[in-house]
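Colleague: Below is the structure I would like to discuss, written out as structure tokens.
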Amino acid sequence: MRLLAGGVILAAGAAYLFLRQHPADVYPVPVATAYETLSTIKFEPPGDGATAPHVTNEISGNGVDKVIWTEKGDLATYRCDLKLAALPGDAGQTHVFVTCGGSGAGDGAAAALTKRHRNAVIEHVDAALSGRPFDAARADITAYRWPGEGVDGGTGTAAGQARKADAATRKAARETQGPPATS
């Protein structure tokens with residue numbers, strides 16, 4: 001009988017844990033607490049810990065549900081808007097939406113740097129709202145779990161971009177070779 005009761009309790013606990021999971025960008029704090037935490041954070045730029053010269057970080061917001069993190073440097077400026085919203089039906093949880101852009105946005109290497117910056121911002125958000133220290137080495141892993149661009153736009157986006165790049169390379173090769181030789 002004890003074994004059956006223990007099994008039922010264990011099954012109920014496992015079902016609660018697995019069925020109660022929220023997306024990676026939802027945190028168990030009210031919007032006001034999330035705002036206060038994220039508007040006072042010490043933001044560290046992405047990278048290996050070396051600070052680039054002439055880089056300043058600014059945090060601003062609307063005092064309620066939007067925090068803006070801006071990093072300005074000699075080579076680029078990044079801005080990330082953090083929109084905070086109560087989870088529908090549960091004001092004790094906050095859904096965080098992160099949108100980043102800036103002078104580094106665009107194609108190629110510039111887009112990669114913008115994504116790297118976004119990933120670091122997401123790691124800062126996750127660390128702060130989860131009560132753990134920021135870990136730059138976890139930025140890509142943390143961002144990968146979030147909806148949106150993540151590390152590389154997701155595997156579907158990466159595969160599509162790879163196919164387009166391959167097709168463009170093949171087309172350029174055909175155009176430079178000219179028509180096939182005939183004998």
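Colleague: With at pLDDT 90 or above, in a helix (DSSP H, G or I) and open to solvent by less than 90 Å² (accessible area, probe 1.4 Å) as the only criterion, which of Ala159, Ala137 stands out?
Modeller: That would be Ala137, the only listed residue that is at pLDDT 90 or above, in a helix (DSSP H, G or I) and open to solvent by less than 90 Å² (accessible area, probe 1.4 Å).
Colleague: Please go through segment 25-36 and give me each residue that is open to solvent by 50 Å² or more (accessible area, probe 1.4 Å) and either modelled with pLDDT under 95 or under 17 Å from Arg132 (Cα atoms) (or both), ordered by number.
Modeller: Pro28, Thr33, Glu36
Each row is one residue, and each column tells you yes or no for (1) at pLDDT below 85; (2) touching a strand residue (DSSP E or B) at 6+ places or on another chain (Cβ under 9 Å); (3) in a strand (DSSP E or B); (4) charged (D, E, K, R).
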{"position": "Gly6", "(1), (2), (3), (4)": "yes, no, no, no"}
{"position": "Ala11", "(1), (2), (3), (4)": "yes, no, no, no"}
{"position": "Leu17", "(1), (2), (3), (4)": "yes, no, no, no"}
{"position": "Leu38", "(1), (2), (3), (4)": "no, yes, no, no"}
{"position": "Phe43", "(1), (2), (3), (4)": "yes, yes, no, no"}
{"position": "Ile59", "(1), (2), (3), (4)": "no, yes, yes, no"}
{"position": "Val67", "(1), (2), (3), (4)": "no, yes, yes, no"}
{"position": "Thr70", "(1), (2), (3), (4)": "no, yes, yes, no"}
{"position": "Tyr78", "(1), (2), (3), (4)": "no, yes, yes, no"}
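Colleague: Moving on. Going through Leu75, Leu82 one at a time, which residue ends up being surrounded by 14 or more Cβ atoms within 10 Å (Cβ to Cβ) and either in contact with a helix residue (DSSP H, G or I) (Cβ under 9 Å, 6 or more places away or on another chain) or at negative phi (or both)?
Modeller: Criteria check complete, one pass: Leu82.
Colleague: Between a first residue in segment 66-80 that is among the acidic types (Asp, Glu) and a second residue that is open to solvent by 30 Å² or more (accessible area, probe 1.4 Å) and part of a strand (DSSP E or B), which pairs have beta carbons less than 6 Å apart while being 6 or more apart in sequence or on different chains?
Modeller: That search, which allows pairs on different chains as well, returns Glu71/Asn57.
The values are calculated or read from the model by the stated rules, or taken from the named source; none is laboratory data. This one's a predicted model, so the numbers in the text were calculated from it and none came from an experiment. Positions of Cβ are backbone-derived with ideal geometry, glycine not excepted, and every protein chain shown enters the neighbour counts. The area values use the complete protein model at the heavy-atom level, side chains included, leaving out ligands, DNA and RNA. Shrake-Rupley method; radii C 1.70, N 1.55, O 1.52, S 1.80 Å.
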